[in-house]
Structure formats: C-alpha cells, structure tokens
C-alpha cells in the first residue's frame, strides 16, 4: 500500500517509476487517488464523473511512459467511447460518446488510468468553472475562490493532490488561467503540434489545443511527448522536434532576450499582485543572466484582438449549441441563458464579419512575429487579478430575466449592434486579458506558478514564444523551477 503522503510526494513521472521498479502497483496508485478524491471532492467539486472500474488500454505495454498512473479527462472535447462528454451542459449529460478522441487514445496508450472526468463551464466558454449542470468547482487554496476555467476541475484536482497531472484544453487561456489560479504549470502548445479528431479537423479554427495541468515541468514535457504529432484527420503536419521534449528539461536555455509587458487596453488597472508576480519573474530571469527589458504596450492591440476572438467564439458557440441540440434533442432548457445569448450573437454575425475576424488573425501574427525578431519571449501576467470569488460574475436576477425575455422575443441578435460586445469583453476578459494572444496567433505559451499573494493565493506569469519554441519554453521553465521551486507547496484541505 502507498500512503497519501507518499503518493502526493511524487509527480506523474515519479509515480510511473515506482510502478516500473516494483515499489508500487497501479492498484496502489489508483487506491490512493480514489481515497484522496473521496476526501476532497465534496469540497472542491473537481470531478463530475467517476469511472468504476477505471478505464485503461489493455494493450498498453508495461514500459509505457505513464503505465499505471491515475489520470483525469476534461469533460469537454475529450471523448471516451461509451461515456458522456457533457461539455458542462445539461443537454449532454446523458449522451454517450461514440469514439475516443485521438488525444484520449494517446493518453491510454501511454499507460494512464482514467478515473473520471473533470468539471468545466458550459462549452468551455468562461474563465471560471461554475456550470449550472454540475455546480461550481472551488480552488483548493481558498474554497471561496474559483480555480479558473475552463479547465478548472482539472486544475483543482491536481492542486488538491487527487492526481499528479490531469487533462486540459485551451482555446483562449483555459490551461494557463487555471494553472495561474491553482499554482500549477500550464503549457499551451503551438497550433498544429498536437492531434485533433476523429470528429473534427480543427477546433475553433485552430485556436484550441489539448494538453495537461501539472505540478512539475518534467511532467508537462513528458506529456507533450505523449501527445505531439498530427492525426490523419487534421490539415497540418507539424515538424517534430529533433529530440524528445522531456530531454529539454535541464538543458541550458542560453542567454535570452525577454520583454516584459503588463499593459492592457482591456484592463487598464492591473491588480498590484499581478504586477508583483511579473516583477519577481523578471528579477529571477535577470538573476539567471537573461536580458530583460520593459515595454510600454503590448506588441499586439489586445482590445482589437479580443473583439476578433469573441466574434469567432460567438459563431462557434452558435454552431456548438446547434450540434448539442441535434445530438441530444434538448431545447432551450438544456442550456444556460449566457450560452443562448452568445449563440444568438453568433447567429446574428454575418459570414463577412466572421471571415474578417479570422483573417484579422494574420495581422496579429505579423505584429507578434515582428516583436519576436528582437525578443525571444514575451513575459506578462497570466491573469490581471487574483482568482475571483465563486459567484462573483453571477448576473442579478433581473438581468437573467431580461436575457430570457430577449431570447423568447428572438431579438437577442440585435444586441450585437449595441455596446454589449464591449461589455462582454470587459466582463468576461477583464481578469484574463493576456492569454488570447497565443491562441489567435497560434504561438506556444506557458504559465508558471512563481508568485503567491500575501493571503497565499497562487498567481502565475505567462511566457509567450515564437512559433516552434515549445522546447525553449520548457528549458527556461525548468531553469526557473530550479531557481524558485514550487512543487512542494500544497494547499491545506
């Protein structure tokens, strides 16, 4: 048997080594994970579906990189055949998936043992995890606060010690935001590097990627090795790295040119703790011999980028709601009012406006590429504020009734011609204005847990690299992890 303390002391790479060396069995690890889940899930609501028995690939070799290690899938886009993928929506809680997602097959082939699926906001549409279908997830560092979103359930489970790392995905910051809120490592890989399918060739026009949330850089690197490489249904063939991503951990990143920027047109007044997080990271980078300079403004107009992001998202939301309706037979009662409103805005968006928003990404790419000619990396806060309190963004009852009235009257789409979109930018992206840049430009970015507020809340910093710089980000992340270790820091639950 493995004690809770022994289980919690190891990351996924370490637990796999225990199994390979005969010091523990997979059954030991699964028992420890389930015991921890039973202890903490009633308080954090991280896991919404438990699988009994757990799901594993019977054909995975004994020497698979993560053989026997407990794992959790996100309940959005990561289909497990025969089990529902609710996407945080009441409409889909009883609709089983037909096929495994490609990423799920790769995780199973790596020997991971899937114990369940984690909480997510409806359609992954928010930077918080408070779906009506499953209720809010809570941050293990402060149960009154959100673990972020949309991979909030996965982040809460890892931070609470249920599993050493868990599946996540990122379409606008949904790996990096919860990584920041929960004191974890969160890497969003660049566009095309990781597989999609089998049901889609790209998600949200290529802005969304799968990945993991973990406590250590080496787990993130080793998991990237598990996933990297195109599937047969996607339109791009990525260039594979010369060596494994795990081999990057511990290598000298060399002397890097890092530009620091905390400015945001979306959020002019950034929280002092977000500024403190970046200052500490900049000091650590300078102490490691890197050249650090400050910028007065972002290399890309983040407000214009946010408008393009939301225009695309509204259209995607409309398509997703239509798909969920067709697959489940659900009516409006199966969806949250916010989701229905966003879908109405999407239906009211013309094809010309949608294509313009997608084409505008190329302007942002060129601006960021020009920045990277002179700088290796961009350093920003991951979030502009500490994690908000659960329920902080709930609409007043009168506003909810107003939304429902607009939807019944079939005129919600007219709101796109009012200041509503600007209001949605402020309300939905106000505390997370920095992360959409990497998604729309297809660049890799990583959040590292380098700061704690005086109250002990984690806050991360984000590093954005040029195309294909995943290896560089991992080298630098490991260097910073050595300089300012974080894996030993655990919430008290």
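The values are calculated or read from the model by the stated rules, or taken from the named source; none is laboratory data. Just so we're clear, the structure is a prediction, and the values are computed from it rather than from any experiment. Every residue, glycine as well, gets a Cβ built from its backbone with ideal geometry; the counts of neighbours run over all protein chains shown.
Please determine whether any residue of region 405-425 is part of a loop (DSSP other than H, G, I, E, B) and at pLDDT 90 or above. Within region 405-425, none of the residues are part of a loop (DSSP other than H, G, I, E, B) and at pLDDT 90 or above. For region 153-164, taking the residues that are touching a strand residue (DSSP E or B) at 6+ places or on another chain (Cβ under 8 Å) and under 10 Å from residue 182 (Cβ atoms), the one that is surrounded by the fewest Cβ atoms within 10 Å (Cβ to Cβ) is identified as 159.
Residue 195: in contact with a helix residue (DSSP H, G or I) (Cβ under 9 Å, 6 or more places away or on another chain) and surrounded by 24 or more Cβ atoms within 10 Å (Cβ to Cβ), yes or no? Spelling it out, it is not the case that residue 195 is in contact with a helix residue (DSSP H, G or I) (Cβ under 9 Å, 6 or more places away or on another chain) and surrounded by 24 or more Cβ atoms within 10 Å (Cβ to Cβ).
Restricting region 107-126 to residues that are over 17 Å from the mean Cα position of the chain (by Cα) and in a strand (DSSP E or B), the residue that is nearest to residue 311 (Cα to Cα) is 116.
Per-residue answers, yes or no, for (1) surrounded by 15 or more Cβ atoms within 10 Å (Cβ to Cβ); (2) touching a strand residue (DSSP E or B) at 6+ places or on another chain (Cβ under 8 Å):
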position: 293; (1), (2): no, yes
position: 305; (1), (2): yes, no
position: 320; (1), (2): yes, no
position: 330; (1), (2): yes, no
position: 347; (1), (2): yes, no
position: 351; (1), (2): no, no
position: 355; (1), (2): no, no
position: 366; (1), (2): no, no
position: 376; (1), (2): yes, yes
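So for region 365-376 (the condition being under 24 Å from residue 205 (Cα atoms), out of contact with any helix residue (DSSP H, G or I) (no Cβ under 9 Å at 6 or more places or on another chain) and free of Cβ contacts under 8 Å to residues at least 60 places away in the same chain), does at least one residue qualify? Yes - at least one qualifying residue is present in region 365-376.
Looking at region 238-245, is at least one residue in contact (Cβ under 8 Å) with a residue 40 or more places away in the chain, surrounded by 13 or more Cβ atoms within 10 Å (Cβ to Cβ) and closer than 23 Å to residue 371 by Cβ? Scanning region 238-245, I find at least one residue that is in contact (Cβ under 8 Å) with a residue 40 or more places away in the chain, surrounded by 13 or more Cβ atoms within 10 Å (Cβ to Cβ) and closer than 23 Å to residue 371 by Cβ, so the answer is yes.
Can you tell which of 169, 150, 174 is surrounded by 24 or more Cβ atoms within 10 Å (Cβ to Cβ), under 10 Å from the mean Cα position of the chain (by Cα) and outside any loop (DSSP other than H, G, I, E, B)?
From the options 169, 150, 174, the qualifying one is 169.
The single residue among 180, 205 that is part of a loop (DSSP other than H, G, I, E, B) and either closer than 16 Å to residue 465 by Cβ or within 18 Å of the chain's Cα centre (by Cα) (or both) turns out to be 205.
Assessment of region 127-142 against the conditions (modelled with pLDDT of 95 or more, closer than 25 Å to residue 454 by Cα and not in a loop (DSSP other than H, G, I, E, B)) yields at least one matching residue. Within region 87-99, the residues that satisfy the criterion of being within 15 Å of residue 167 (Cβ to Cβ) and in a loop (DSSP other than H, G, I, E, B) are 87, 88. Of the residues that make up region 464-480, is at least one modelled with pLDDT of 95 or more, touching a strand residue (DSSP E or B) at 6+ places or on another chain (Cβ under 6 Å), crowded, with 20+ Cβ neighbours inside 10 Å and part of a strand (DSSP E or B)? Among the residues of region 464-480, at least one is modelled with pLDDT of 95 or more, touching a strand residue (DSSP E or B) at 6+ places or on another chain (Cβ under 6 Å), crowded, with 20+ Cβ neighbours inside 10 Å and part of a strand (DSSP E or B), which makes the answer yes.
Checking residue 230 against (1) at pLDDT below 95; (2) surrounded by 19 or more Cβ atoms within 10 Å (Cβ to Cβ): exactly one of these is not met. Which one? If we test residue 230 against (1) at pLDDT below 95; (2) surrounded by 19 or more Cβ atoms within 10 Å (Cβ to Cβ), just (2) comes out false. Is it fair to say residue 390 is out of contact with any helix residue (DSSP H, G or I) (no Cβ under 6 Å at 6 or more places or on another chain) and modelled with pLDDT under 95? So residue 390 does not fit the description; no. Got at least one residue in region 342-364 being assigned to a helix (DSSP H, G or I), closer than 20 Å to residue 93 by Cα and at pLDDT below 95? Yes: region 342-364 contains one or more residues that are assigned to a helix (DSSP H, G or I), closer than 20 Å to residue 93 by Cα and at pLDDT below 95. Scanning region 265-291 for residues that are within 17 Å of residue 372 (Cβ to Cβ) and buried (at least 18 other Cβ atoms within 10 Å of the Cβ) turns up 285, 290. Given the residues 35, 16, which is the only one that is assigned to a helix (DSSP H, G or I) and either touching a strand residue (DSSP E or B) at 6+ places or on another chain (Cβ under 6 Å) or buried (at least 16 other Cβ atoms within 10 Å of the Cβ) (or both)? The unique qualifying residue is 16. Residue 258 meets the stated requirement of being at pLDDT 95 or above and under 13 Å from residue 377 (Cα atoms).
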